[in-house]
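Okay, so here's the structure we're looking at.
The values are calculated or read from the model by the stated rules, or taken from the named source; none is laboratory data. Nothing here was measured: the structure is a model prediction, and the numbers come from that model. Glycine gets a Cβ as well: all are built from the backbone with ideal geometry, and neighbour counts include every protein chain shown.
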Amino acid sequence: MLKIGLLGCGRIGQVHARSISRIDGAVVTAVADAFAEPAQALASRTGAQVLAPDALIDSADVDAVVIGTPTDTHFDLIHAAARAGKAIFCEKPVDMSADRIRTCQSAVESAGVPFMTAFNRRFDPSFANLQARIAQGEIGAVEIVTILSRDPSPPPVSYIQSSGGIFRDMMIHDLDMARFLLGEEPVTVYAVGAALVDPEIGAAGDVDTAAVTLTTASGKICQISNSRRAAYGYDQRIEVHGAKGMLRAENMLETSVEVATETGFRRAPAQHFFLERYEAAYHAEMAHFVQNAGSGDAMTPGIVDGLRAQMLADAAARSHAEKTPVILA
């Protein structure tokens, strides 16, 4: 039985607690949060004890930690968990600084502890199936990947101010997905963006509408489109064009029912929020962590994947600021 300590009892911590409750061979034994009320509420639901973060990490009743705290706390928690010899599951981004992620990587590798970066979209059943079929050669060599990711509405400006910007906060998922599907590392990044949804986001120094083009050394292309607003729901689509054909993953709708009348065909709206859209992915990624933490097998995505996605996000932010393509070493 893998005994897990949850660091962070907010929205994402509650998601992970639900996932763990559905996985045989895992149990939440301790929780910690900066605020007493959410920690106690989650402890009551899981039967876990409430501990301070350092006590949780050092507890003999904790084999692995799930880090779902604000990003600026990840660095210290990762180092503490590595010193304590705990398996680590860390929400993205690992850190806002690629150099600090490299320091975390060194600590994790020196300690020899398993580490998983929580890019949950790799575990979405449709996206995982699409990638597996690419790997099987169903559409031949990949030529163009198109990723569409648009939120139903923007977050509060207070969130924008501490998020690190759209490229590091929102698009980082898509940048990881680009690497997952291209099968090669992007070497050139070109980004454009504007504040078209909410002028306050622009005033805060960010954009809410962005597009990025990635190219690999062999010439493969990935195009990513992000928006903080989609009137029709949570827009999550992928298309991969290859030498022999194309694979496409469409939006998940509220229902699969379609009606046809004399006015035409109508379908249900797209699911409205990431928690419902990616519920299966959250469960699958945690199951992967539990299985591999118990077996000692390598986890993917690992800390290097977190680092490479952050490097791409940094390059996109720089490209947008400088209005020029950025070439990665």
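Taking the criterion of being in a helix (DSSP H, G or I) and either within 12 Å of Leu214 (Cβ to Cβ) or in contact with a Lys or Arg (Cβ under 8 Å, 6 or more places away or on another chain) (or both), the residues of the range 297-310 that qualify are Asp305, Gly306, Leu307, Arg308, Ala309, Gln310. Residues of the range 175-202 that are surrounded by fewer than 16 Cβ atoms within 10 Å (Cβ to Cβ) and in contact (Cβ under 8 Å) with a residue 60 or more places away in the chain: Glu185, Val187, Val192.
Taken over the range 142-163, the criterion of being within 21 Å of Asp176 (Cα to Cα), at pLDDT 90 or above and of a type in the set (Gly, Ala, Ser) is satisfied by Ser149 alone. Meeting the requirement of 2 or more residues that are free of Cβ contacts under 8 Å to residues at least 24 places away in the same chain, the strands (runs of 3 or more DSSP E) wholly within the range 219-294 are 258-261, 264-267.
If a residue has to be of a type in the set (Asp, Glu) and not in a loop (DSSP other than H, G, I, E, B) to count, how many in the range 185-218 make the cut? If you could, list the steps in order and put the result at the bottom.
Our first condition is that a residue be of a type in the set (Asp, Glu); within the range 185-218, this holds for 185, 198, 200, 206, 208.
Then keep just the ones that are not in a loop (DSSP other than H, G, I, E, B); that gives 200.
Adding up the residues that qualify gives 1.
The set of residues in the range 29-46 that are assigned to a helix (DSSP H, G or I), under 20 Å from Thr73 (Cα atoms) and of a type in the set (Gly, Ala, Ser) comprises Ala36, Ala39.
Working only within the range 242-275, note down all residues that are touching a helix residue (DSSP H, G or I) at 6+ places or on another chain (Cβ under 6 Å) and under 30 Å from Gly10 (Cβ atoms).
Filtering the range 242-275 for residues touching a helix residue (DSSP H, G or I) at 6+ places or on another chain (Cβ under 6 Å) gives 247, 249, 252, 271.
Once the filter is applied, which keeps residues that are touching a helix residue (DSSP H, G or I) at 6+ places or on another chain (Cβ under 6 Å) and under 30 Å from Gly10 (Cβ atoms), the range 242-275 yields Ala249, Met252, Gln271.
If you take the residues of the range 116-158 that are assigned to a strand (DSSP E or B) and among the small types (Gly, Ala, Ser), which of them is farthest from Gln310 (Cα to Cα)?
Narrowing the range 116-158 to residues assigned to a strand (DSSP E or B): 116-118, 142-150.
Next, from what is left, pick out any that are among the small types (Gly, Ala, Ser): 118, 149.
Working: Ala118: 13, Ser149: 18 Å.
Out of the qualifying residues, it is Ser149.
Of everything listed in (1) assigned by TED's automatic domain parsing to the domain that holds Met252; (2) in contact (Cβ under 8 Å) with a residue 24 or more places away in the chain, the single unmet condition for Ala132 is (2).
Sort through Val240, Val212 and tell me the only one that's surrounded by 20 or more Cβ atoms within 10 Å (Cβ to Cβ) and over 16 Å from Val326 (Cα atoms). Give the derivation first.
Details: Val212 fails: over 16 Å from Val326 (Cα atoms).
The conditions single out Val240.
Kindly indicate whether Val113 is assigned to a strand (DSSP E or B) and either touching a residue at least 12 places away in the same chain (Cβ under 8 Å) or of a type in the set (S, T, N, Q) (or both). Here the answer is no, as Val113 does not meet what is asked. Restricting attention to the range 66-85 and to residues that are farther than 21 Å from Ile20 by Cα and of a type in the set (A, V, I, L, M, F, W, C), the residue that is surrounded by the most Cβ atoms within 10 Å (Cβ to Cβ) turns out to be Ala82. Assess whether Asp72 counts as being at pLDDT below 95 and not in a loop (DSSP other than H, G, I, E, B). Yes: the conditions hold for Asp72. Is it fair to say Thr300 is more than 21 Å from Asp174 (Cβ to Cβ) and polar (S, T, N, Q)? No. Please work out if Ser225 is in contact with a strand residue (DSSP E or B) (Cβ under 8 Å, 6 or more places away or on another chain), farther than 30 Å from Gly112 by Cβ and hydroxyl-bearing (Ser, Thr, Tyr). So Ser225 passes the test.
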